[in-house]
Amino acid sequence: EPEVTQTPSHQVTQMGQEVILRCVPISNHLYFYWYRQILGQKVEFLVSFYNNEISEKSEIFDDQFSVERPDGSNFTLKIRSTKLEDSAMYFCASTVNSFYEQYFGPGTRLTVT
Amino acid sequence: GDSVTQMEGPVTLSEEAFLTINCTYTATGYPSLFWYVQYPGEGLQLLLKATKADDKGSNKGFEATYRKETTSFHLEKGSVQVSDSAVYFCALSDLDSGAGSYQLTFGKGTKLSVIP
């Protein structure tokens, strides 16, 4: 069964460094999402992406964040200058149509020190 | 804005016990409702869903009924197994919120541990 994959599973970085989190969505899916979960808190929507552009973003998704689909298979989330409060589990999701079930990856745990 | 509130965990039950995890929501439109499950080391998986009032979603012995009058979508299972140990997330997608991408709004998650 096709699945969403994410790399790395765990990333440790120093404050102020740039990180790129990678996702490979399911191949025939058209809508892509990033969510995050700070430890002990809710899973929060960050951004959605369709037709090579951001379709919606939350107030969390400020200028430090960007997304890209560089090669038709990967979907990346970049944080330009990480802060301590960016430490969280980041989930990628994709769906064939926005009405349908979103399929989630296993997540990347980002630790900013 | 939209929000989901679910009961705090962790919940510890003995095998074959009855499970209820409460979930209530607020939404500006007429949302679809979901339960997602996360097994240790894995991603979020859709467990069940309901798209309109009085719909009952069911899967793997779990059930939840969309109650518009009480804005609730409680998860139930008659007899839990050790393999049901996981974190359960209630979520909604508000089709009338004006957002075209139908992002999910999640509750905080409830950790269930089932002991033999």
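Filter segment A:73-113 down to the residues that are away from every other protein chain (no Cβ under 14 Å) and acidic (Asp, Glu), then identify the one that is surrounded by the most Cβ atoms within 10 Å (Cβ to Cβ).
That would be A:Asp86.
Output the number of the condition that B:Ala17 fails; it satisfies all remaining conditions of (1) crowded, with 20+ Cβ neighbours inside 10 Å; (2) more than 14 Å from chain A (Cβ to nearest Cβ).
Every condition holds for B:Ala17 apart from (1).
Out of segment A:3-36, which residues are touching a Phe, Trp or Tyr at 6+ places or on another chain (Cβ under 8 Å), more than 11 Å from A:Thr108 (Cβ to Cβ) and not hydroxyl-bearing (Ser, Thr, Tyr)?
A:Glu3, A:Val4, A:Val24, A:Pro25, A:Ile26, A:His29, A:Leu30, A:Phe32
Here are some conditions: (1) touching a residue at least 60 places away in the same chain (Cβ under 8 Å); (2) surrounded by 14 or more Cβ atoms within 10 Å (Cβ to Cβ); (3) of a type in the set (D, E, K, R). A:Glu44 meets all but one. Which one does it not meet?
Here A:Glu44 meets the rest and fails (1).
For segment B:93-105, indicate whether the set of residues that are outside any loop (DSSP other than H, G, I, E, B), under 10 Å from the mean Cα position of the chain (by Cα) and surrounded by 14 or more Cβ atoms within 10 Å (Cβ to Cβ) is non-empty. First the steps, then the outcome.
The initial filter retains those residues of segment B:93-105 that are outside any loop (DSSP other than H, G, I, E, B), namely B:93-94, B:104-105.
Filter again for under 10 Å from the mean Cα position of the chain (by Cα), leaving none.
Within segment B:93-105 (the criterion being outside any loop (DSSP other than H, G, I, E, B), under 10 Å from the mean Cα position of the chain (by Cα) and surrounded by 14 or more Cβ atoms within 10 Å (Cβ to Cβ)), the answer is no, since none of the residues qualifies.
Test each condition in (1) hydrophobic (A, V, I, L, M, F, W, C); (2) in contact with a Phe, Trp or Tyr (Cβ under 7 Å, 6 or more places away or on another chain); (3) within 18 Å of A:Gly107 (Cα to Cα) for A:Leu39 and report the one that comes out false.
(2)
For segment A:74-93, indicate whether the set of residues that are of a type in the set (Phe, Trp, Tyr), in contact (Cβ under 8 Å) with a residue 60 or more places away in the chain, over 14 Å from A:Ile20 (Cβ atoms) and not in a loop (DSSP other than H, G, I, E, B) is non-empty. Spell out how you get there, then give the answer.
Keep residues of segment A:74-93 that are of a type in the set (Phe, Trp, Tyr), which gives A:75, A:90-91.
Of the ones still in play, those that are also in contact (Cβ under 8 Å) with a residue 60 or more places away in the chain are A:90-91.
Retained after the next criterion (residues that are over 14 Å from A:Ile20 (Cβ atoms)): A:91.
From what's left, not in a loop (DSSP other than H, G, I, E, B): A:91.
For segment A:74-93, residues of a type in the set (Phe, Trp, Tyr), in contact (Cβ under 8 Å) with a residue 60 or more places away in the chain, over 14 Å from A:Ile20 (Cβ atoms) and not in a loop (DSSP other than H, G, I, E, B): present.
May I ask you to list pairs of residues, at least six apart or on different chains, whose Cβ atoms are under 6 Å apart, with the first in segment B:36-61 being within 8 Å of another protein chain (Cβ to nearest Cβ) and buried (at least 16 other Cβ atoms within 10 Å of the Cβ) and the second being aromatic (Phe, Trp, Tyr) and in a strand (DSSP E or B)?
Sorted first by the residue in segment B:36-61, then by its partner, the pairs are B:Tyr36/B:Phe89; B:Gly43/A:Phe104; B:Leu44/A:Phe104; B:Leu44/B:Tyr36; B:Leu46/B:Tyr36; B:Lys49/B:Phe34.
Cβ-Cβ distance below 7 Å, separation of 6 or more or different chains: which pairs start in segment A:13-37 with a residue that is more than 14 Å from chain B (Cβ to nearest Cβ) and end on one that is of a type in the set (Lys, Arg) and not in a strand (DSSP E or B)?
A:Met15/A:Lys83; A:Glu18/A:Arg80
Consider B:Ser32 carefully, then state whether it is among the polar types (S, T, N, Q) and either free of Cβ contacts under 8 Å to residues at least 40 places away in the same chain or within 14 Å of chain A (Cβ to nearest Cβ) (or both). Lay out the reasoning, then the answer.
Working: among the polar types (S, T, N, Q): yes; either free of Cβ contacts under 8 Å to residues at least 40 places away in the same chain or within 14 Å of chain A (Cβ to nearest Cβ) (or both): yes.
When the stated conditions are applied, B:Ser32 passes them.
Under the condition of being part of a helix (DSSP H, G or I) and of a type outside the set (Ser, Thr, Tyr), which residue from segment B:63-87 is surrounded by the most Cβ atoms within 10 Å (Cβ to Cβ)? Full working, then the answer.
Of the residues in segment B:63-87, the ones part of a helix (DSSP H, G or I) are B:82-84.
If we keep only those that are of a type outside the set (Ser, Thr, Tyr) as well, we get B:82, B:84.
Working: B:Val82: 11, B:Asp84: 20.
Result: B:Asp84.
I'd like the full set of residues that are within 18 Å of B:Tyr66 (Cα to Cα) and of a type in the set (Asp, Glu), limited to segment B:78-94.
Of everything in segment B:78-94, just one residue is within 18 Å of B:Tyr66 (Cα to Cα) and of a type in the set (Asp, Glu), namely B:Asp94.
May I ask you to list the residues in segment B:1-14 that are surrounded by fewer than 13 Cβ atoms within 10 Å (Cβ to Cβ) and closer than 14 Å to B:Ser93 by Cβ?
The initial filter retains those residues of segment B:1-14 that are surrounded by fewer than 13 Cβ atoms within 10 Å (Cβ to Cβ), namely B:1, B:8, B:10, B:12, B:14.
Matches in segment B:1-14: B:Gly1 only.
Quick one: which of B:Glu63, B:Glu42 is over 16 Å from the mean Cα position of the chain (by Cα) and either closer than 16 Å to A:Tyr35 by Cβ or acidic (Asp, Glu) (or both)?
On the way: B:Glu63 fails: over 16 Å from the mean Cα position of the chain (by Cα).
Just one listed residue meets the conditions, B:Glu42.
Where a number appears in this text, it was derived from the coordinates with a stated rule and is not lab data. Just so we're clear, the structure is a prediction, and the values are computed from it rather than from any experiment. Cβ coordinates were reconstructed from backbone atoms using ideal geometry, including for glycine residues, and neighbour counts include every protein chain displayed.
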